[in-house]
1. Would segment 76-151 count as rounded, prolate or oblate if I go by the C-alpha gyration tensor, calling it rounded below 1.5 in a/c and otherwise prolate when a/b exceeds b/c, oblate otherwise?
2. Order these by the 10 Å Cβ neighbour count, fewest first: 236, 188, 180.
3. Of the candidates 200, 239, 78, which one comes out as most mobile in a Gaussian network treatment of the chain with C-alpha springs shorter than 10 Å?
4. How would you rank 221-233, 80-92, highest first, on the average number of other Cβ atoms within 10 Å across their residues?
5. I'd like the antiparallel share, as a percent to the nearest 5, of DSSP beta bridges with both residues in the chain.
6. Comparing 202, 106, 16, which has the greatest mean-square fluctuation in the GNM of the chain with Cα pairs linked when under 10 Å apart?
7. Relative contact order, percent, of the chain when contacts are C-alpha pairs under 8 Å separated by at least 6 residues?
8. Can you pull the one-decimal nm distance between simple spin-label points at residue 24 and residue 172, each 7 Å off the Cα toward Cβ?
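Derivation of every value follows stated rules applied to the coordinates shown; laboratory data play no part. Given the structure is predicted, the values throughout are model-derived calculations rather than measurements. Note: ideal-geometry Cβ built from the backbone for every residue, glycine included; neighbour counts use all protein chains shown.
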Ligand SMILES: C[S@@+](CC[C@H](N)C(=O)[O-])C[C@H]1O[C@@H](n2cnc3c(N)ncnc32)[C@H](O)[C@@H]1O
């Protein structure tokens with residue numbers, strides 16, 4: 001395939017991807033080609049007769065092999081579109097899911113455009129939730145917490161690339177250990193899949209998302225137990241928490257937060273109609 005013109009290489013790549021990508025094969029081929037050449041895929045049409053060099057062809061072949069082994073395109077190209085940005089991702093970070101934009105929307109709906117305040121994101125991963133919110137609310141400052149320093153390195157670069165680094169701090173710790181409040185907003189998309197369910201997940205998830213980002217333990221609720229006590233300790237009197245949850249976890253998660261004096265005040269559904277985000281506030285004082 002040496003010195004193959006770009007358009008011919010795209011046709012070959014599209015054919016190779018057909019079994020795994022179906023009708024998206026041409027689209028995926030263009031994404032991989034753009035990645036290999038270091039150009040925006042939308043500009044490929046301008047150079048379609050240019051021959052690929054041997055190293056470029058080899059890089060394309062390696063990328064195709066990875067895709068045919070079920071690795072998501074986002075992982076091969078190292079970035080994922082989320083909210084209004086393209087976030088860098090790595091083997092240390094969860095690949096952000098479109099469903100998690102539900103949490104971003106839930107928070108923005110509660111915070112006035114120019115409101116000042118502090119926000120903390122537990123299990124920040126690539127930083128996609130925190131950074132998206134900070135980009136829309138210029139008077140907020142934020143802390144992103146994660147147990148993975150590798151993830152925090154990526155989040156730090158993302159905060160810089162998205163122009164919010166000066167209002168963001170990242171902390172490598174076990175949930176709220178060593179974290180000082182109060183915070184006006186507490187968010188988290190913690191790992192919530194029961195450990196025994198991980199084996200049944202799709203190959204592109206179970207083989208490529210970090211295990212610590214997927215599962216917190218046998219029940220799937222272990223992280224929420226920690227987060228409920230963390231929120232009770234750290235939330236300011238008039239603040240709120242927004243938690244992403246797994247399908248069908250609303251009652252269990254609400255019970256854990258209620259036990260810590262945090263009252264569920266709203267539920268938000270994702271685009272498939274699944275309850276994806278719960279909002280909690282402190283119970284009003286009755287005396
Ligand atoms: C489901 S991922 C969410 C990542 C990102 N917030 C997002 O929505 O794409 C959960 C994150 O929690 C982090 N995590 C797991 N256990 C943790 C712990 N004990 N303390 C802090 N973070 C933890 C993982 O490293 C992972 O980045």
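1. Working: a/c = 2.27, a/b = 1.58, b/c = 1.44.
Here segment 76-151 falls in the prolate category.
2. Details: 236 15, 188 26, 180 10.
Ranking 236, 188, 180 by Cβ neighbours within 10 Å, fewest first, gives 180, 236, 188.
3. It is 200.
4. Values: 221-233: 20.8, 80-92: 18.3.
The densest-packed peptide leads the list: 221-233, 80-92.
5. Details: 17 of 38 bridges.
The antiparallel proportion sits near 45 percent.
6. Maximum among the listed residues: 202.
7. Numbers: 520 pairs, mean separation 39.5, N = 287.
Relative contact order comes out at 14 percent.
8. Modelled inter-label distance: 3.3 nm.
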